[in-house]
1. Within segment 82-90, can one find any residue that is closer than 30 Å to Lys135 by Cβ and either without any contact (Cβ under 8 Å) to a residue 40 or more places away in the chain or of a type in the set (Phe, Trp, Tyr) (or both)?
2. Against the definition (within 15 Å of ligand 2 (Cβ to nearest atom) and free of Cβ contacts under 8 Å to residues at least 60 places away in the same chain), how does Tyr100 come out, yes or no?
3. Hey, among Gly72, Gly47, which residue is within 16 Å of ligand 2 (Cβ to nearest atom), small (Gly, Ala, Ser), over 17 Å from Ile210 (Cα atoms) and surrounded by fewer than 22 Cβ atoms within 10 Å (Cβ to Cβ)?
4. How many residues does segment 182-213 contain that are of a type outside the set (D, E, K, R), part of a helix (DSSP H, G or I) and within 19 Å of Gly150 (Cα to Cα)?
5. Name the single residue that is nearest to Thr169 (Cα to Cα) among those in segment 179-199 being among the hydroxyl-bearing types (Ser, Thr, Tyr) and within 16 Å of ligand 2 (Cβ to nearest atom).
6. Looking at segment 105-153 only, could you name the residues that are among the small types (Gly, Ala, Ser) and part of a helix (DSSP H, G or I)?
7. Considering only residues that are modelled with pLDDT of 95 or more and hydroxyl-bearing (Ser, Thr, Tyr), which ones fall in segment 116-162?
Amino acid sequence: MSEYVISTENLSKTYGFLFWKKEKPSLDKLTLKIPKGVVFGFLGPNGAGKTTTIKLFMDLIKPSSGTVSILGKPAGDIEVKRKIGFLPDAPAFSQYLKAYEFLMICAKLLRIPSSERKKRIEEVLAKVKMTEYAKSKLGGFSRGMLQRIGIAQAMLNKPEILILDEPLTGLDPHGRQELKDIIIAQKKAGTNVFFSSHILSDVETMCDQIGILHRGKLLCHGELNSLLSEKGCRVMIAAGKEDIAKELMPDSIKSHKLNNGGWELEFDEDEKFKEKLNLMKEKEGNFITIMPSTENLETFFFRTIENNIKTVNLNAEGI
Ligand SMILES: Nc1ncnc2c1ncn2[C@@H]1O[C@H](COP(=O)(O)OP(=O)(O)OP(=O)(O)O)[C@@H](O)[C@H]1O
Ligand SMILES: [Mg+2]
C-alpha cells in the first residue's frame, strides 16, 4: 500500500491535438506527493491549471505525459474510483429531480447496497443541513444549496479521499463555516481531503498542507505552518527614541510611525542584521521590542505569484 494518497510525477497536460495543440501546457511537470491524513489546499489564480489537475486525478482527461496515482493505483482504477468522493467545478443537476431522488441515483451509480441507501442519503443530507429540502426540486435551488447537494453526493460512498474543486464557491459565510466544519470532521474520521479554492482565509484555517499553482507550474508546496513560518522580524521602538528608528530605517522593508509617537519597523531575514539588532536591544533595553513576523496566507500567496511573474519576465528578456 502506498504511503501517499496522491502521487504525481512530471504530470503534464497540453490541450488540443496536432495543429490545434495549445502552445503552452496547462499543467507543466507537476510532481506532488500528498501523505495520508492531511487536508490539502490547492491554490492558484484563474487559469492556473487546478481543474485540469483535478480532472487528471479523476481520469476525466488523459495526461500528455507523466503519471498520477491515487491511493497507490493509477488514476482511473475502478476500485480506487469507488473510494473517492468527487465534487466537480461546475456540477450539472437535472432541474426536475428532487434532492432525494438525485442522491438515490448517485447511490445506485456508486453501487451502495440497496439496504443502506436510504440511511446514507439521510446522513449526508443532515451533514449539509439540507434535510428539510429532500423533497424539493433541484431546479428551485440557489447556487449555494446546489453546492451543498454536490458536497452531499461526494460524501455518499464514505470515501477514503475527497477531491473537491472549489467547494466553498457559492456558499454564504455561514455555509462556508459549515463546510469547513464538515471537512474538519471528515479529516478526524480519517478521510483525506484535497480541494482547490480561491478563498485564502478559509484555506488558512483548514489546511495542513498547501500547493500554489501558477500558469501550470507548481511554485511551492508543503506544510502550511512551515511555509508561513518566521520571515524576518518586526521591531517596535518607543516614543522619543527617534534616533534609534532613524539608524535602523535604511535596513527595514517597511516602517511607520505609531499613534503613540513610537515606530514600527519590519525587517527581512538577515543574520548579520539580527546581530546588530540584538546588540542594540542589549544597549537600549525596554525601548526596543523585537518580535518574529509571520506572514498570513494572503501575503504569502501574492508574494509567491509576484515573484514568479518577475522571474518569468526576466527570463523572457534574457536577463
Ligand atoms: N478543454 C480545454 N481546452 C483547451 N484549453 C483548456 C481546456 N480546459 C482548460 N483549458 C485551459 O487550461 C488552462 C487551465 O485551466 P483550468 O480550468 O485548469 O484552470 P483553473 O486553475 O481551474 O482556473 P479557475 O480558477 O478559473 O477555475 C487555462 O488556460 C484554460 O484556458
Ligand atoms: Mg477551476
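1. yes
2. Numbers: within 15 Å of ligand 2 (Cβ to nearest atom): no; free of Cβ contacts under 8 Å to residues at least 60 places away in the same chain: yes.
Taking the combined requirement at face value, the residue does not satisfy it.
3. On the way: Gly72 fails: within 16 Å of ligand 2 (Cβ to nearest atom).
Answer to the selection: Gly47.
4. Going residue by residue through segment 182-213, those that are of a type outside the set (D, E, K, R) are 182-186, 189-201, 203, 205-207, 209-213.
Applying the additional criterion that residues be part of a helix (DSSP H, G or I) yields 182-186, 200-201, 203, 205-206.
Filter again for within 19 Å of Gly150 (Cα to Cα), leaving 182-186.
Summing the residues that are of a type outside the set (D, E, K, R), part of a helix (DSSP H, G or I) and within 19 Å of Gly150 (Cα to Cα) in segment 182-213 gives 5.
5. The initial filter retains those residues of segment 179-199 that are among the hydroxyl-bearing types (Ser, Thr, Tyr), namely 191, 196-197.
Retained after the next criterion (residues that are within 16 Å of ligand 2 (Cβ to nearest atom)): 196-197.
Details: Ser196: 10, Ser197: 8 Å.
In this case the residue turns out to be Ser197.
6. In the first step, residues of segment 105-153 are kept if they are among the small types (Gly, Ala, Ser); the result is 107, 114-115, 126, 134, 136, 139-140, 142, 144, 150, 152.
Matches in segment 105-153: Ala107, Ser114, Ser115, Ala126, Gly139, Gly140, Gly144, Gly150, Ala152.
7. Those that are modelled with pLDDT of 95 or more and hydroxyl-bearing (Ser, Thr, Tyr): Thr131, Tyr133, Ser136.
Rundown of residues vs (1) away from ligand 1 (no atom under 16 Å from the Cβ); (2) touching a residue at least 40 places away in the same chain (Cβ under 8 Å), yes/no style:
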| site | (1), (2) |
| --- | --- |
| Lys36 | yes, yes |
| Phe40 | no, yes |
| Leu43 | no, yes |
| Asp59 | no, no |
| Pro74 | yes, no |
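The values are calculated or read from the model by the stated rules, or taken from the named source; none is laboratory data. All of these numbers come straight from a predicted model, not from anything done at the bench. No Cβ is skipped: glycine too gets one built from the backbone with ideal geometry, and neighbour counts run over all protein chains shown.
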